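Undergrad: I'd like to ask some things about the structure below.
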Amino acid sequence: MAKRFRAVAIGVSFGGVQALKLLLGRLPADFPLPLLIVQHLSPEAGDGLAELLDELCAIRVKEADEQERIAPGTAYLAPPNYHLLVERDGSLSLAADARVSYARPSVDVLFESAAAAFGSTLIGVILTGANGDGSSGLRTVKQMGGLAIVQDPEDAPAQQMPLAALAATRADHVVPLEAMTALLCRLVAGEAAAAGRRPGDG
Amino acid sequence: MDAGELEDVEIRLLLEGLQRVYGYDFRDYAEASIKRRLSHWLAESAFATFSQAQSDLLRDPQLFASLLQGITVNVTEMFRDPAFFKAIREQLVPFLKTYPFVKIWHAGCATGEEAYSMAIVLNEEGMTGRYRMYATDIDEAVLQRAQEGVLPMAEMQSYTRNYQKSGGRASFADYYTARYDRAILSAELKAGIVFAPHNLTSDAEFGEMNVVLCRNVMIYFKPALKERCLRLFDASLLPGGFLCLGLKETLDGRETRGAYQELAPGLRIYRKRYG
Ligand SMILES: C[S@@+](CC[C@H](N)C(=O)[O-])C[C@H]1O[C@@H](n2cnc3c(N)ncnc32)[C@H](O)[C@@H]1O
């Protein structure tokens, strides 16, 4: 059987640096999927975050370049002030379009393009954040047959982003950050996909 | 074929039709982002699918104009990327000053802020009257606005900050007159700029330029169209001239890379070699 999942898209805002350190820091070097990440930052922020995470993590972490081909086991961060999109041919695009719900990069923009590119083989993850970005994107991920994971709002430094995501769509997994890396590893290994899913979901 | 693939087919057919009827060619634009904007246009329109819209779009130039507005991304600002304009002022202008007169092409100038920012830098560096800028765009509606040179007052605070960070030493407020919620740029900035339509997918080069800026335009193009544009810019540039790209765009890996050296690493300012 073909592998169920081909990519992970992550949206995070307030509290994101800590959350990403924890989540990505625990992934094993041989984690087989690419991770596409939008973390809201101030437009002036440089690519310091990608470098910091790269040093800290076993997987490779970098800022996305225009038209870069996606490689497995690599995490790509949207550059400050640019939207990050996925093309159907598996390459990345950057865009200087207007902000979407006050955000550039926008989680919704990433998730919608990733859902179109990866369909049911995408895992969408919404983490801590103090705005509603990502909720409509996560709904699209679900509509296209992908899997939705949301950080347990009780566990998030800022609850609004997880709460908005949960209000917009039925998540397959609501877990604290502590448990998220292990969940991702189980999902890509193919075990938890059935066990963890809620009935009546799409 | 799933719904997404079907829509991709419809979009391809539509873009093909638009190219044949109106001569605007969007077939080599990066798909994810043009698709996103087309979908927004469709959602706001009276049509359920692109196939339905196509019949009217091909017959009704006004409807096509509304689509064109939806497809192009005209987002820009004064002194966008202050570090870039600082490098222009400190590293590029000294070269320009050695010429009696320079020609500068802003390809994809949108509403003109990039050209107006450049005019401020050149005037402050003592080059008033010694340059001509050709600021071009595919979108005639934005060129109209560029020509007017009227900016929203609400942006002035952030533009002033950008200006200062870019090494501006005068008072940014001297460059505009406030009228209610509008800021009218001063006439001395407009004096050296010509706004004109030019389509990078089909039109020819502009000869004998000392500087070509094409920032945040090719980011929307597929590699083949990027190469076409870079050849066009190369044919337009004098030896020793400068090519400026957006901060997330690079010449690396492109056919013309060897003909250029990097003037300001990381800021995407390249200098064309002699011979
Ligand atoms: C994001 S704006 C960039 C404005 C400015 N250069 C800056 O960086 O702030 C992109 C502009 O490119 C223009 N454009 C898109 N396709 C074009 C084409 N084929 N030929 C010329 N201009 C084009 C759009 O109309 C838009 O105004």
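Undergrad: If B:Tyr180 satisfies every condition in (1) surrounded by fewer than 23 Cβ atoms within 10 Å (Cβ to Cβ); (2) within 15 Å of the ligand (Cβ to nearest atom); (3) aromatic (Phe, Trp, Tyr) but one, which is the exception?
TA: (2)
Undergrad: Out of the strands (runs of 3 or more DSSP E) lying entirely within the stretch B:215-275, which hold 2 or more residues that are over 20 Å from the mean Cα position of the chain (by Cα)?
TA: Values: elements: B:237-245, B:260-264, B:269-272.
Output list reads B:237-245, B:260-264.
Undergrad: Go through the stretch B:102-111 and give me each residue that's within 9 Å of the ligand (Cβ to nearest atom) and within 20 Å of B:Leu243 (Cβ to Cβ).
TA: Listed by number, the residues that qualify are B:His106, B:Ala107, B:Gly108, B:Cys109, B:Ala110.
Undergrad: Another question, then. Give B:Met209, B:Met133, B:Met156 a once-over and let me know the one that is more than 16 Å from the ligand (Cβ to nearest atom) and within 27 Å of B:Thr72 (Cβ to Cβ).
TA: B:Met156
Undergrad: While we're looking at this one, here's another question. What are the residues in the stretch B:112-130 that are touching a residue at least 60 places away in the same chain (Cβ under 8 Å), within 16 Å of the ligand (Cβ to nearest atom) and in a helix (DSSP H, G or I), if any?
TA: Matches in the stretch B:112-130: B:Glu114, B:Ala115, B:Tyr116, B:Met118, B:Ala119, B:Ile120.
Undergrad: Sticking with this structure for a sec: Among the candidates B:Ile88, B:Ile138, B:Ile104, B:Ile120, which residue alone is open to solvent by less than 60 Å² (accessible area, probe 1.4 Å) and in contact with a strand residue (DSSP E or B) (Cβ under 6 Å, 6 or more places away or on another chain)?
TA: The conditions single out B:Ile104.
Undergrad: Out of B:Glu262, B:Glu205, report the one residue that is more than 14 Å from every other protein chain (Cβ to nearest Cβ), surrounded by fewer than 18 Cβ atoms within 10 Å (Cβ to Cβ) and in contact with a helix residue (DSSP H, G or I) (Cβ under 6 Å, 6 or more places away or on another chain). Talk me through it step by step, then tell me what you get.
TA: On the way: B:Glu262 fails: in contact with a helix residue (DSSP H, G or I) (Cβ under 6 Å, 6 or more places away or on another chain).
That would be B:Glu205, the only listed residue that is more than 14 Å from every other protein chain (Cβ to nearest Cβ), surrounded by fewer than 18 Cβ atoms within 10 Å (Cβ to Cβ) and in contact with a helix residue (DSSP H, G or I) (Cβ under 6 Å, 6 or more places away or on another chain).
Undergrad: Which of the residues that make up the stretch A:124-154 are more than 17 Å from A:Asp172 (Cβ to Cβ) and away from chain B (no Cβ under 14 Å)?
TA: Within the stretch A:124-154, A:Thr128, A:Gly129, A:Ala130, A:Asn131, A:Gly132, A:Asp133, A:Glu154 qualify.
Undergrad: Still on this structure, please answer the following. Out of the stretch A:76-103, which residues are within 15 Å of the ligand (Cβ to nearest atom), open to solvent by 10 Å² or more (accessible area, probe 1.4 Å), under 25 Å from A:Cys57 (Cβ atoms) and not polar (S, T, N, Q)?
TA: A:Tyr82
Undergrad: Here's something else I'd like to know. What number goes with the only condition from (1) surrounded by fewer than 21 Cβ atoms within 10 Å (Cβ to Cβ); (2) touching a helix residue (DSSP H, G or I) at 6+ places or on another chain (Cβ under 9 Å) that B:Asn199 does not pass?
TA: Result: B:Asn199 passes all but (2).
Undergrad: If you take the residues of the stretch A:40-73 that are under 17 Å from the mean Cα position of the chain (by Cα) and under 24 Å from B:Leu251 (Cβ atoms), which of them is farthest from the ligand (Cβ to nearest atom)? Walk me through it before giving the result.
TA: Taking the stretch A:40-73 as the starting set, the residues that turn out to be under 17 Å from the mean Cα position of the chain (by Cα) are A:40-41, A:49-50, A:53-54, A:57, A:59-64, A:70-73.
Narrowing the set further to residues that are under 24 Å from B:Leu251 (Cβ atoms) leaves A:50, A:62-64, A:70-71.
Numbers: A:Ala50: 23, A:Lys62: 24, A:Glu63: 19, A:Ala64: 18, A:Ile70: 24, A:Ala71: 28 Å.
So, considering only residues that are under 17 Å from the mean Cα position of the chain (by Cα) and under 24 Å from B:Leu251 (Cβ atoms), the one farthest from the ligand (Cβ to nearest atom) is A:Ala71.
Undergrad: Can you spot a residue in the stretch B:37-60 that is open to solvent by 70 Å² or more (accessible area, probe 1.4 Å), away from the ligand (no atom under 11 Å from the Cβ) and of a type in the set (S, T, N, Q)?
TA: There is at least one residue in the stretch B:37-60 that is open to solvent by 70 Å² or more (accessible area, probe 1.4 Å), away from the ligand (no atom under 11 Å from the Cβ) and of a type in the set (S, T, N, Q).
The values are calculated or read from the model by the stated rules, or taken from the named source; none is laboratory data. Because the structure is a prediction, the values reported are computed rather than measured. Counting neighbours? That spans all protein chains shown, and the Cβs are built from the backbone with ideal geometry, glycine included. Each accessible area value is taken on the protein alone, full model and side chains, heavy atoms only, with ligands, DNA and RNA left out. Shrake-Rupley method; radii C 1.70, N 1.55, O 1.52, S 1.80 Å.
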